[in-house]
Amino acid sequence: MMEYSYKKTIQFFSALSDETRLKILLSLKEKPRTVNEIHRSLDKKKITLSAISHQLKYLTGLDIIVYEKRGKEKIFKLSDNFCWCILKDVLNHFKEETKV
């Protein structure tokens, strides 16, 4: 059982270590969004819609994000299964560090 917990923990932090996935998560921290809304919120010149869709599938597979279908669209949001305070605390820590 502990092996499973370790593996999932490693996968979670590994997911956060990718810049695109982190940007997607930060975008979803603000509010639930469709793929197109996420694309518009990121630097569209640097990342394709297809790449965002691929990352959303990866994050959904880890249960880091979830989606609700509305017609043909999927509305993505952060999963309630995680305490996102960890991410908030880390971001605040490094914001403070750059002010020094």
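The values are calculated or read from the model by the stated rules, or taken from the named source; none is laboratory data. These numbers were taken from a predicted model, which means no experiment stands behind them. Heads up, the Cβs are rebuilt from the backbone with ideal geometry, glycines too, and the neighbour counts pull from every protein chain shown.
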Practice task
Identify the residue in segment 23-58 that is surrounded by 18 or more Cβ atoms within 10 Å (Cβ to Cβ) and among the charged types (D, E, K, R) and, among all such residues, is farthest from Phe76 (Cα to Cα).
Solution key: Lys23
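Please find, within segment 1-15, the residue that is farthest from the chain's Cα centre (by Cα) out of those that are of a type in the set (A, V, I, L, M, F, W, C) and assigned to a helix (DSSP H, G or I).
Of the residues in segment 1-15, the ones of a type in the set (A, V, I, L, M, F, W, C) are 1-2, 10, 12-13, 15.
The next check asks that each one be assigned to a helix (DSSP H, G or I); those that pass are 2, 10, 12-13, 15.
Details: Met2: 25, Ile10: 15, Phe12: 10, Phe13: 11, Ala15: 8 Å.
My answer is Met2.
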Fill in the blank from the handout: When restricted to Ser53, Ser41, Ser5, the only residue of a type in the set (Gly, Ala, Ser) and modelled with pLDDT under 90 is Ser5
Handout entry: The lone exception for Lys77 - which of (1) surrounded by 14 or more Cβ atoms within 10 Å (Cβ to Cβ); (2) charged (D, E, K, R); (3) without any contact (Cβ under 8 Å) to a residue 12 or more places away in the chain it fails
Key = (3)
